[in-house]
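The values are calculated or read from the model by the stated rules, or taken from the named source; none is laboratory data. In this text, all values refer to a predicted model and were calculated from it rather than measured experimentally. Cβ coordinates were reconstructed from backbone atoms using ideal geometry, including for glycine residues, and neighbour counts include every protein chain displayed.
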Amino acid sequence: MHKTLKKYFPVFVVPVLAAFLVSFLIPFVMGIYLSFTEFRTVDASEWVGIKNYISIFTQDKTFLNSLWLTVKFTVVSILSINIIAFSIALLLTRKLRGTDFFRTVFFMPNLIGGIVLGHIWSLIINGILGFFGVDITYDPSYGFWGLVVLMNWQMIGYMMIIYIAGLQNIPEHINEAAAIDGASPLRTLFSITIPMVMPSVTICTFLTLTNSFKLFDQNLALNGKSAETSLLALDIYKTFYDHTGLRLAEWHGIGQAKAVIFFLLVAVIAFVQLRATERKEIEQ
Amino acid sequence: MKTRKRIFDSSVYAVLIILSAVFLSPVFVILMNSVKSNFYISDEPFSFPRGEKFVGFENFVKGFVQSDFLRAFINSAFITVLSVAGIVVLTAMAAWYIVRVKNRFTKILYYLFTFSMIVPFQMVMYTMTFLAFELDLNSVLGIVFIYLGFGSGLSVFMFSGFIKSIPTEIEEAAVIDGCDPIRTFFMIVFPILKPTAITVAILNAMWVWNDYLLPYLVLGSGENRTLPVAVQMALTGGYGNKDMGALMAMLVLAILPIIIFYLFCQKYIIRGVVAGAVKG
């Protein structure tokens, strides 16, 4: 079997591998290299060592601000989305009639694309702020909280579904035993329900974490014009594409170096996630 | 006890109904504004389209014509269908090969595909765009090839996970009966992969259909633009007076197909998304 299959490498693997090389692997390696250069275009680069990485913190004014904003946004999103999603999941697993309808409604925003979502919320948020005679650009904190509300609207339903699956996995008899032993509902929640759904909590925490950390489309559509409300992904995009003129090569280099740092941060998150889920599996 | 439970259940219902209203209101606001005349959209976004404010389907006609909506819609549909079909069939084949032919090379391939899942798009954004233009992939067909590359990480990973759990006996029996690997794959293996194939198809379809930055960079905002690009261009492009009515109608037209699709395949979509979340 292996020997015959091995000869079919061109049929089975080459199409995907070719696409993978062109759209990911070669650009990735080029990207690492170019972060140590200044380049107007990809094929006209000049080696500058780690200068770009230093410039991010000395010349560039926006990176640290976006990083801090992204961290704040991520923390607030993780907490609010997970708490609300888990609460709704608790309500929907009480065996009431009509829960399917509510599930459908809460999950629906997750399917709408980021650009469209951003514009829907831009109309609503500006409409509300309009009563006070201002708009979303008036204060950076409006943009920040607008983005949090949008993110909650989009992701609560998704996380809710994962929590429901986790809650339905708790064996019925454990809850019954707790009730017979006279445990109050609150006690049951903290001593039984939450420990039992910890695997779901881990999954949901990391899903909201990576999605918030890498957010781009929603940010661009809702409040992308202001540098003060640009998250990391958008800041990198702007470093590349919003500059013109003589120092373009320099900005491209800085943009690519920012992208490498961004990648390393995401990689660290992914690594921590891998370790966290592995440990959980061993414990079980 | 019984009345207490009934009161509790009713309050749960009340909370759920209020929450549903909150969740549906943004879509409702957009729907309402899509049939209002221009002036009342930015000034009174929350008023009902009554009397002189109501303009019927005028906005939809304008939105459809002005943005050349049909063209963007067809582009998006074409790219999504071809990309998803390509990803599902080709990455399943690659994953089967990688799992069944065990050597150092396939092991490295597996790790590379898995690794690509964690790399954010901004890392390869600039260099990938350059390469796409160099290789003339900046066309509606070319971008399908690019999506195959970007989608391969998660898809190979998910298919591999499932293939590892399938016993090899059936495949070996087919080979003994004189089946070549291509026939074995399509007659025996691929049908077994169906549940994972549905998950992979749904996850990729949602991603490709809604994706903005990649098609914007590679295809631009000209005649090859996709739906998200058309929406973004219409709503942010240029200053001066925007035709808000037409824009609202565009937003409605953009979400309508997704919601209809969702209502029909809800079961698969929810299952697929959860499976993807747990494995990815």
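Residues that are of a type in the set (A, V, I, L, M), crowded, with 24+ Cβ neighbours inside 10 Å and touching a residue at least 60 places away in the same chain (Cβ under 8 Å) do not occur anywhere in segment A:237-250. Quick check: anything in segment A:42-55 out of contact with any His (no Cβ under 7 Å at 6 or more places or on another chain), within 9 Å of chain B (Cβ to nearest Cβ) and not charged (D, E, K, R)? Within segment A:42-55 (the criterion being out of contact with any His (no Cβ under 7 Å at 6 or more places or on another chain), within 9 Å of chain B (Cβ to nearest Cβ) and not charged (D, E, K, R)), the answer is yes, since at least one residue qualifies. Out of all the residues in segment A:48-61, is one or more among the β-branched types (Val, Ile, Thr), touching a helix residue (DSSP H, G or I) at 6+ places or on another chain (Cβ under 7 Å) and either over 30 Å from B:ILE87 (Cβ atoms) or outside any helix (DSSP H, G or I) (or both)? Within segment A:48-61, one or more residues are among the β-branched types (Val, Ile, Thr), touching a helix residue (DSSP H, G or I) at 6+ places or on another chain (Cβ under 7 Å) and either over 30 Å from B:ILE87 (Cβ atoms) or outside any helix (DSSP H, G or I) (or both). Looking at A:VAL14, is it at pLDDT 95 or above and within 12 Å of another protein chain (Cβ to nearest Cβ)? Yes. Inspection of segment B:251-267 identifies at least one residue that is polar (S, T, N, Q), facing another protein chain (nearest Cβ under 8 Å) and surrounded by fewer than 20 Cβ atoms within 10 Å (Cβ to Cβ). Going through (1) in a helix (DSSP H, G or I); (2) without any contact (Cβ under 8 Å) to a residue 60 or more places away in the chain; (3) of a type in the set (Ser, Thr, Tyr); (4) more than 9 Å from every other protein chain (Cβ to nearest Cβ) one by one, A:THR277 falls short only on (2). Counting only helices (runs of 4 or more DSSP H) that sit wholly inside segment B:116-226, those with at least 2 residues that are farther than 21 Å from B:LEU90 by Cα are B:121-134, B:169-176, B:213-219.
Only one entry of B:VAL55, B:VAL61, B:VAL65 meets the criterion of being in contact with a Lys or Arg (Cβ under 8 Å, 6 or more places away or on another chain), more than 11 Å from chain A (Cβ to nearest Cβ) and closer than 30 Å to B:TYR40 by Cα, and that entry is B:VAL55. Of the helices (runs of 4 or more DSSP H) that lie entirely inside segment A:182-235, those containing 1 or more residues that are without any contact (Cβ under 8 Å) to a residue 24 or more places away in the chain and of a type outside the set (Ser, Thr, Tyr) span A:185-188. Of the candidates A:VAL42, A:VAL71, the single residue that is at pLDDT 90 or above and on the phi < 0 side of the Ramachandran plot is A:VAL71. For segment A:201-218, check the following and say yes or no: at least one residue is away from every other protein chain (no Cβ under 14 Å) and either surrounded by 12 or more Cβ atoms within 10 Å (Cβ to Cβ) or touching a Gly at 6+ places or on another chain (Cβ under 9 Å) (or both). No.
Residues in segment B:152-171 that are over 26 Å from the mean Cα position of the chain (by Cα) and either surrounded by 13 or more Cβ atoms within 10 Å (Cβ to Cβ) or β-branched (Val, Ile, Thr) (or both): B:ILE166, B:THR168, B:ILE170, B:GLU171. Considering segment A:106-150, and only residues there that are at the interface with chain B (Cβ under 10 Å from one of its Cβ atoms) and over 26 Å from B:GLY245 (Cα atoms), the residue that is nearest to the chain's Cα centre (by Cα) turns out to be A:PHE107.
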